[in-house]
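Coordinate-derived values only; no laboratory data. All figures in this text were calculated on a predicted structure; none of them were measured in a lab. Methodologically, a virtual Cβ is constructed for each residue, glycine included, from the backbone with ideal geometry; neighbour enumeration extends over all protein chains shown.
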Amino acid sequence: MAISKTYLLEGLCCENCAAAIERETRSLAGVKSADVDYPNASITVVFDADESAIFESVSAIAAEIDEDIATKAL
């Protein structure tokens, strides 16, 4: 069963960072889709993996791309 979660990407500064976060998140094991909404600084991820592992991975990806981005669950 696929789960869909949206996370805030506080401090998301540009479309290039948004595209990189989206691309890297899509490559995670268990992720079916990932879509960044740049104007709203959020990412919606559909996955069939452990939710806490996905959140931690998305947070790590965002921080690696721009250390000023803080990921928060809605």
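Comparing A62, A34, A19 in a Gaussian network model of the chain, where Cα atoms under 10 Å apart are tied by springs, the biggest mean-square fluctuation is seen for A19. I'd like the orientation of helix 15-26 relative to the chain: the angle between its Cα long axis and the longest Cα principal axis, in ° from 0 to 90, rounded to 10. The angle comes out at about 20 degrees. Using only side-chain charges placed at the Cβ, +1 for Lys and Arg and -1 for Asp and Glu, the dipole size of segment 3-73 relative to its Cα centre rounds to 220 debye.
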